[in-house]
């Protein structure tokens, strides 16, 4: 009986090997854009990551925050409206110099019209589409390379992975494709009070980001960002400008 079972298992593996060997793998045609890019999906497909300021956290931190997006491609004021709720956890790993960070859009509400739907190539584009879904999960390790107190400028390296856990590929909300990015953020306090309760800080960042676009292909992008923040007591105001641009230019 055991020999028969082993024979059946070996036969199944052989059949799988033959089937795989017969799959034709073609060299990717890099001259043809895949259209798996931010211009053709919702704002949470691969959003610009929150910029770091050259520091890591020594405290466990759990955050909930929301976003609102509006897009117009016609005379309509809102061809696409997206509201979302993000969850984020920052976890120190044995030291305040290394953080494990996990974040994702827990829920997204969206409404998109025909003008946007045609560009995004969704099924049945000539109607308004409304829905609710969750997005992809992100996991990063943030490592403090240079401590501002010792080096005059803080420098943090972040390495992050993007999952393919979103379910709304058919309505062009998420890619349903994995990705990753690496970036450096350098920052320092320009003004700081003697008691440390008030400070004005600036930071710059750059990095590399990519995601899978098709079998054997990926889009490589350069990341960039600048940040300024003012903190006084428990209050903090921050403004930043950032993004990324890939070789497919979409």
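Observations on the structure shown:
- Hits in the stretch 190-204 (condition: part of a loop (DSSP other than H, G, I, E, B) and either farther than 22 Å from residue 97 by Cα or touching a helix residue (DSSP H, G or I) at 6+ places or on another chain (Cβ under 8 Å) (or both)): 193, 194, 195
- Residue identified as modelled with pLDDT of 80 or more and under 30 Å from residue 113 (Cβ atoms) among 62, 48: 48
- As a summary of the residue check, residue 177 satisfies the conditions (1) touching a strand residue (DSSP E or B) at 6+ places or on another chain (Cβ under 9 Å); (2) free of Cβ contacts under 8 Å to residues at least 40 places away in the same chain; (3) closer than 30 Å to residue 111 by Cβ except for the one numbered (2).
- A single member of 160, 137 is touching a residue at least 60 places away in the same chain (Cβ under 8 Å), surrounded by 15 or more Cβ atoms within 10 Å (Cβ to Cβ), within 21 Å of the chain's Cα centre (by Cα) and closer than 20 Å to residue 60 by Cα, and it is 160.
- Residue match in the stretch 159-171 (condition: in contact with a helix residue (DSSP H, G or I) (Cβ under 9 Å, 6 or more places away or on another chain) and modelled with pLDDT under 90): yes
- Hits in the stretch 146-170 - residues which are touching a strand residue (DSSP E or B) at 6+ places or on another chain (Cβ under 6 Å) and closer than 28 Å to residue 219 by Cα: 155, 156, 157, 158, 159, 160, 161, 162, 167, 168
- Candidate set: the stretch 61-78, residues that are surrounded by 13 or more Cβ atoms within 10 Å (Cβ to Cβ) and in contact with a strand residue (DSSP E or B) (Cβ under 6 Å, 6 or more places away or on another chain); chosen: the one farthest from residue 40 (Cα to Cα): 61
- The listed residue being surrounded by 14 or more Cβ atoms within 10 Å (Cβ to Cβ), touching a residue at least 40 places away in the same chain (Cβ under 8 Å), assigned to a strand (DSSP E or B) and touching a helix residue (DSSP H, G or I) at 6+ places or on another chain (Cβ under 9 Å), out of 187, 225, 207: 187
- Scanning the stretch 34-60 for residues that are farther than 24 Å from residue 189 by Cβ and crowded, with 17+ Cβ neighbours inside 10 Å yields 34, 36, 37, 38, 40, 41, 42, 43, 44, 45, 46, 47.
- Considering residues of the stretch 210-222 that are modelled with pLDDT of 90 or more and surrounded by fewer than 18 Cβ atoms within 10 Å (Cβ to Cβ) only, the residue nearest to residue 187 (Cα to Cα): 222
- Looking across the stretch 163-184, the residues that are surrounded by fewer than 19 Cβ atoms within 10 Å (Cβ to Cβ) and over 22 Å from residue 246 (Cα atoms) come down to 165, 167, 170.
- From 86, 110, residue being surrounded by 16 or more Cβ atoms within 10 Å (Cβ to Cβ), within 20 Å of the chain's Cα centre (by Cα) and closer than 30 Å to residue 201 by Cα: 86
- Verdict on residue 117 being buried (at least 20 other Cβ atoms within 10 Å of the Cβ) and under 19 Å from the mean Cα position of the chain (by Cα): no
The values are calculated or read from the model by the stated rules, or taken from the named source; none is laboratory data. The shown structure was predicted, so the numbers you read here are calculated from the model rather than taken from an experiment. When we count neighbours, we look across all protein chains shown, and the Cβ atoms used for this are built from the backbone with ideal geometry, even at glycine.
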